[in-house]
Each structure stands twice: as C-alpha cells, then as structure tokens.
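Derivation of every value follows stated rules applied to the coordinates shown; laboratory data play no part. In this text the structure is predicted, and so the values were computed from the model without any measurement. A quick note on method: Cβ atoms are made from the backbone with ideal geometry, for glycine too, and the neighbour counts reach across all protein chains shown.
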Amino acid sequence: MEHQPATAEKLDEIAGRSAAVLVGSFATQAFEPVRTCMARLFTGEPTADASVVAQLDADNRLVGTTDIPAREPARAALMPAWRLRLSSLLRDDPGRAPELDQVLAAIGKSLPNARPVHEQHNTAHDASTLYAVMYGSLHHHQGVSGRVAPAPGPDRTDTTTDASRGGTA
C-alpha cells in the first residue's frame, strides 16, 4: 500500500494533540522530555534554536509560578499559540509529523493530568445558607419555619402534618 501524504486537516490534528501534550507538561516532571522533543523538532538538534527553547522555558515558568487553581486556565491560554506554531511547522515540513505524533503520544500518557481535576470553592456570608455538591445529588427538604425536615425513607415515617402542607390539622 502506498503511503499517502498527510492532509492539512491531519497535520492540524497532530498539531492540536501535540500542543495539548506540550502545555499539559508545563510545571510537571514531563516538561524536560517534551522540551527536548520540541527543540529537536523545531531545529533538528536538541539545543539549536534558542528562541523556541526560551519560549518553552518562559511558558513553563509562567505556569509554574501561577497559583495551582489557575494553572489549567493558564495552560488553556497558551494552547492556541503553541498549536499555531506547531501547525505552521508541520505545514512547512510535513515529514516531521510522524515523529512528533509518536514521541508526544508516548509522553502524553505519562502526564499527571490525564484525568481532569475539578475543584469547588464555596463561600457563605452573614446568615446565608450554602448548599453544594460534587459528583452526586443534593436533596434538601425544608419544613415549617425554615427547619430542615428529615427526608422520608423506608426507616422514617413522614411526620409532617396536613397543616404544614397547607391543609388543615
């Protein structure tokens, strides 16, 4: 079977995946191998293009000095620029796509953020009430006078009166 050259869409797809692995490696132990791969990709040698390496280091430092809750938004903000750089590089030299795809796919599997981390910050002030839940359901039953009534269940009987439901006692 004859090898087909990569289409522009395929190159953009590889650039997108590679950019995701690259920015995902910022401020992690995976950064050094990704940095070496990127330097080699852009220059043909691991340390030849100082501007690409300097930009990688600057972006890594930026994410590393950002508060932990803001790191994912920082990575997301850097993603389009790296996707554009990689897409341009691959369009200029499509022969680099297979190497980039293979190396970064292997590195991507080792990234610590393979699964997204969800954080929830809740604050209640003064006499307010805050109800929050993650990964589940919240069932709140409020009775008469703002009291929280226990939820009816198999081991509990409904103790509310007809008056509390709006009926007569």
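Structural remarks
- Three-way shape label, region 35-108, alpha-carbon gyration tensor, a/c 1.5: prolate
- Neighbour counting of Cβ atoms within 10 Å sorts the residues Met79, Met134, fewest neighbours leading, into Met134, Met79.
- Least to most buried among Ile107, Ile68 (fewest other Cβ within 10 Å first): Ile68, Ile107
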